[in-house]
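Reviewing the structure listed below.
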Amino acid sequence: MKDFTVRPIRADEIETVADFISRGYYDDIYFHWVVGKEEDRHQVVKDYYIIYLGAKGSVGHVAETSDGVLVGASVWLPHDLDPSVSEKVYEAAGAYAKNFKQVSAKSYDSCPPMEPFYELVAVVTDKKMQGKGIGGALLKYHLDILDEAGISTYLEASTPYHGDGVYAKFGYQQTGELLVFADTAVLYPLWRPAKKPKKTVKFGGYDWLVLEERDDEMLLLSKEIIEPASFHNVFEDISWEDSDIRRHLNTVFHRRFSLDERMQILEKAVYNEENPWYSSQSSNDALDKFFLLTIKEVVKYFGDSGQLKNPKNRFFIDDIYNDDRKATFADGSPSRWLLCTSGNYQNLVANVTVEGKILVTGDFVNRASTELFNVGMRPAMWLKKGGLA
């Protein structure tokens, strides 16, 4: 049982909380560089957080024991913070304004282009209470609110990022270049996309994710991988239009639905665009009720880190949205899932790996599932909304 609770900060607590945060950061290597003189550090950093906590849009939380003792605090700022706030910080920083301005400039260049987002600018716990989950509870309190609103978050950690640390556990991943100010003053930019669950619906005995809604229709993707599958039964140059999986989805799989359900599934033109990184050919338009997503559609509906247009390598799209793209069979077994875009050759097909990476180069079109290597299908379809009534 926790021996503390988390709640929003009150206006009359701003100075107390800023003092608490400043004391918590007094020995922080980054703040040692920003405010070099020890006799100045506490007051300058305290004033810094008083300004931030009083800024429009600022969100602060505290963790306190049952008898009201402050044991943790966090501060979040909106991405569109009023520029006048920075000017107040520089004024309060006095002789250290130059360092604060340098940080602001590099931070501005490092922030991702996506918006809106909130930036975590402080999370501090009482040293005597560390290891009790206070920092994680402070993070979760506001992340739950932001996730519900579909708002992503950003932070610049002053300690090295580790994949098994608290930030990683909440889905933060490194983004952009390190912010280096001195050998002992380095900030690690981390980004966390909003984790708001996609809307799900039931249809035909399956669970479906709602990817897009239009007036009277919606685009659905199976929540789980329906069954093991190969894109094609023979290793040869092939496109979606002539693939075995297309025939299977629109005959065998289609017949699993009742006559009334089939009437609700819309037939749409499926145009398999060429691979965005390679010159593998696209197929002609095909009228289908069930289909597989393209690489571009996976990026569109599960998140875009910019790697589609500016790849970090020529194999994978490997980014902060990996976890969102992962899928399993109904029993929880991890598996790759097939896309309908060709790989870098026409006898290869793109897929999403068990780690959630988009394998743009692709794998053999006739790759079959084995005990050690699962490959499956996640059908997509456009459905009349009335079909869910």
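Is there a residue being of a type in the set (S, T, N, Q), modelled with pLDDT of 95 or more and assigned to a loop (DSSP other than H, G, I, E, B) anywhere in the stretch 327-345?
Yes, the stretch 327-345 contains at least one residue that is of a type in the set (S, T, N, Q), modelled with pLDDT of 95 or more and assigned to a loop (DSSP other than H, G, I, E, B).
From the list GLU64, GLU13, which residue is touching a Phe, Trp or Tyr at 6+ places or on another chain (Cβ under 8 Å), acidic (Asp, Glu) and over 23 Å from GLU87 (Cβ atoms)?
Residue meeting the stated conditions: GLU64.
For the stretch 31-40, which residues satisfy the criterion of being in a helix (DSSP H, G or I) and among the β-branched types (Val, Ile, Thr)?
Quick first cut of the stretch 31-40, residues in a helix (DSSP H, G or I) only: 31-34, 38-40.
Once the filter is applied, which keeps residues that are in a helix (DSSP H, G or I) and among the β-branched types (Val, Ile, Thr), the stretch 31-40 yields only VAL34.
Restricting the search to the stretch 20-30, which residues are part of a helix (DSSP H, G or I) and either at pLDDT 90 or above or basic (Lys, Arg) (or both)? Before you say what the answer is, go through the steps one by one.
The initial filter retains those residues of the stretch 20-30 that are part of a helix (DSSP H, G or I), namely 20-24, 29-30.
Of everything in the stretch 20-30, those that are part of a helix (DSSP H, G or I) and either at pLDDT 90 or above or basic (Lys, Arg) (or both) turn out to be PHE20, ILE21, SER22, ARG23, GLY24.
Suppose we filter the stretch 57-68 for residues that are over 26 Å from the mean Cα position of the chain (by Cα), touching a residue at least 24 places away in the same chain (Cβ under 8 Å) and in a loop (DSSP other than H, G, I, E, B); how many remain?
Summing the residues that are over 26 Å from the mean Cα position of the chain (by Cα), touching a residue at least 24 places away in the same chain (Cβ under 8 Å) and in a loop (DSSP other than H, G, I, E, B) in the stretch 57-68 gives 1.
Tell me, which residue of the stretch 74-105 that is of a type in the set (A, V, I, L, M) and in contact with an Asp or Glu (Cβ under 9 Å, 6 or more places away or on another chain) is modelled with the lowest pLDDT?
Initial filter on the stretch 74-105 (of a type in the set (A, V, I, L, M)): 75, 77, 81, 85, 89, 92-93, 95, 97, 103, 105.
Okay, now just the ones that are also in contact with an Asp or Glu (Cβ under 9 Å, 6 or more places away or on another chain), so 77, 81, 89, 92-93, 95, 97, 103.
Working: LEU77: 95, LEU81: 89, VAL89: 93, ALA92: 92, ALA93: 92, ALA95: 94, ALA97: 92, VAL103: 85.
Within the stretch 74-105, the match that is modelled with the lowest pLDDT is VAL103.
Has the stretch 332-343 got any residue that is more than 19 Å from the chain's Cα centre (by Cα), surrounded by fewer than 17 Cβ atoms within 10 Å (Cβ to Cβ) and on the phi < 0 side of the Ramachandran plot? Walk me through it before giving the result.
To start, the set of residues in the stretch 332-343 that are more than 19 Å from the chain's Cα centre (by Cα) comprises 332-343.
Next, from what is left, pick out any that are surrounded by fewer than 17 Cβ atoms within 10 Å (Cβ to Cβ): 332-334.
Adding the requirement that they be on the phi < 0 side of the Ramachandran plot leaves 333-334.
The answer is yes; a qualifying residue exists.
Please report, ordered by residue number, the strands (runs of 3 or more DSSP E) entirely within the stretch 209-322 with at least 1 residues that are over 23 Å from ARG367 (Cβ atoms) and either of a type in the set (Ser, Thr, Tyr) or modelled with pLDDT of 95 or more (or both).
217-222
Pairs under 7 Å by beta carbon, first residue at positive phi in the stretch 184-207, partner in a loop (DSSP other than H, G, I, E, B), six or more apart or different chains?
Pairs that qualify, where the first residue is at positive phi and the partner is in a loop (DSSP other than H, G, I, E, B), are GLY204/PHE257.
The values are calculated or read from the model by the stated rules, or taken from the named source; none is laboratory data. From a predicted model like this one, the values you see are computed outputs, not experimental measurements. Positions of Cβ are generated from backbone atoms using ideal geometry, with glycine treated the same way; all protein chains shown enter the neighbour counts.
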